[in-house]
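*Asks:* Could you have a look at this structure, given as structure tokens, before my questions?
Each value in this text was obtained by applying a stated rule to the coordinates, not by laboratory testing. What you are looking at is a predicted structure, and each value in this text was computed from that prediction instead of being measured. Cβ placement follows ideal geometry from the backbone for every residue including glycine, while neighbour counts extend to all protein chains displayed.
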Amino acid sequence: MQNYKPEEFAHEVNHTPLVSVLVQTYQHIKYIKDCLDGILMQKTNFYFEILIGEDESTDGTREVCIEYAQKYPEKIKLFLHNSKSNPSKIGLHPFQINAFYNLFTARGKYIATCEGDDYWTDPLKLQKQVTALEKNQDLILVTGGYISKSPFGEVEHLYSPINPSTQIQDNSYRFNFSDLVRKWQTKTLTTVFRNKPQIFEKLLQYKSTRDVHLMYHLLMEGDGMYIQEILGVQNKHLGGIFAPKSSTEQLYIQYEVYKELYFANKNEVLRQKFVDTLFKYQILKYEKPEALKEFSPKPIIRDAVKSLRRKNEYVLFLKLLIPRKIKQPFKITM
């Protein structure tokens, strides 16, 4: 990444920001204005910069980003990525290059993210989260609730603590990575975290960096805080780079993600999550064998030998190796 540099649109961002807001966008013409307006409406007592990484869209998204960069030159830095400046030798997907460039370019003490097809709804979102981080130096991130919107309707996502003793105030609680894997509560859409370049460097070791990689390494450095309020909207649509996937594909991705995370870090919480996913993957082979035909076979036994430690884990896995139809799905509890 050190030798990589996209075209940078002219700007007048000269102040040192307290927060850097990162926007990665590609083919988001239906959503990008809502995204940028939701950021620009933020009411804060501090200065923040907006870094937009535009990934060579052909639907008009790039033109909208240029329009906003021209209108708000004191706030927006626009990076125009293209295929010529995305050499394959970097070894990353263009979207990853876009995201990492924004991440390593951020100058703020804190970082917030909002993909180009999502948007914030609370004008005090940044102020609330930064105030919490400033008051609690042991916190590494602050996140909150959101609404997921799709052609099928809207779903509100607001969570309560797993352990009631972690409730800080009426509308917020603390959590750690162990809590997070038991009940996933974060979206980068609604998260503000400390700018830790040494953590971001670790993300480059992974083949396909996802939210869980970032959250794992952040939460190894401190606790998270969850604000029990709706802070934004996530749009789920077929044109998104992470468009809705089948449950089979989601499980396959989860298996690969936790496998990579566990073997790279050998954390017990990661091990238990990976083993849990390994069992579910084995069960799916019997329940829906046709669903896994599109995926290349994985060395399940080798992975199991490397990760299983407890007697009950070995017993269950050996049972799952026996070809048979499972009439009642297993309930995996680790």
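*Asks:* On a full-extension model of 0.36 nm per residue, what is the gain between ILE147 and GLU268, subtracting their alpha-carbon distance, rounded to one decimal in nm?
*Replies:* Separation in residues times 0.36 nm, less the Cα-Cα distance, equals 40.4 nm.
*Asks:* Structure shown: which of LYS128/LYS280; LYS187/LYS280; LYS149/LYS196; LYS135/LYS273 lie over 29 Å apart, alpha-carbon to alpha-carbon?
*Replies:* LYS128/LYS280; LYS149/LYS196; LYS135/LYS273
*Asks:* Next up: Compute and list, largest first, the equivalent-ellipsoid semi-axes of the stretch 7-235 from the alpha carbon gyration tensor, each √(5λ) rounded to a whole angstrom.
*Replies:* 28, 19, 18
*Asks:* Would you mind calculating the gained length between LYS71 and GLN137 on full extension (0.36 nm times residue separation, minus the Cα-Cα distance), in nm to one decimal?
*Replies:* Stretched fully, the LYS71-GLN137 segment lengthens by 20.2 nm.
*Asks:* For labels at ASP59 and ASN45 in the simple 7 Å Cα→Cβ model, what's the distance in nm?
*Replies:* The two pseudo-label positions are separated by 4.1 nm.
*Asks:* Which residues' amide hydrogens lie under 5 Å from the amide hydrogen of GLN234, considering only partners 5 or more residues apart or on another chain, with H built in the peptide plane?
*Replies:* Counting only residues 5 or more places away or on other chains, the set is ILE147, SER148, LYS149.
*Asks:* Mind running the shape call on the stretch 1-51? Use the C-alpha gyration tensor, a ≥ b ≥ c as the square roots of the eigenvalues: rounded below 1.5 for a/c, prolate if a/b tops b/c, oblate otherwise.
*Replies:* Taking the square roots of the gyration eigenvalues as a ≥ b ≥ c, the stretch 1-51 is oblate.
*Asks:* Hey, got a sec? Which GluC sites (Glu not before Pro) in the stretch 1-35 land in a DSSP loop and have at most 16 other Cβ atoms within 10 Å?
*Replies:* GLU12
*Asks:* What FRET efficiency comes out for the pair ASN3/ASN163, r = Cβ-Cβ distance, R0 = 35 Å, nearest 0.05?
*Replies:* The computed FRET efficiency comes out at 0.15.
*Asks:* Under the Karplus relation 6.51 cos²θ - 1.76 cosθ + 1.60, θ = phi - 60°, what is the ordered set of whole-Hz ³J(HN,Hα) values for the stretch 40-54, x standing for Gly and Pro?
*Replies:* Residue by residue, the stretch 40-54 yields 5, 7, 4, 9, 9, 9, 9, 8, 9, 9, 10, 9, 9, x, 9 Hz.
*Asks:* Please list 3J(HN,Hα) in residue order for the stretch 150-160, calculated via the Karplus relation 6.51 cos²θ - 1.76 cosθ + 1.60 where θ = phi - 60°; whole Hz, with x for glycine and proline.
*Replies:* Result, ordered by residue: 9, x, 9, x, 10, 10, 8, 10, 10, 10, 10 Hz.
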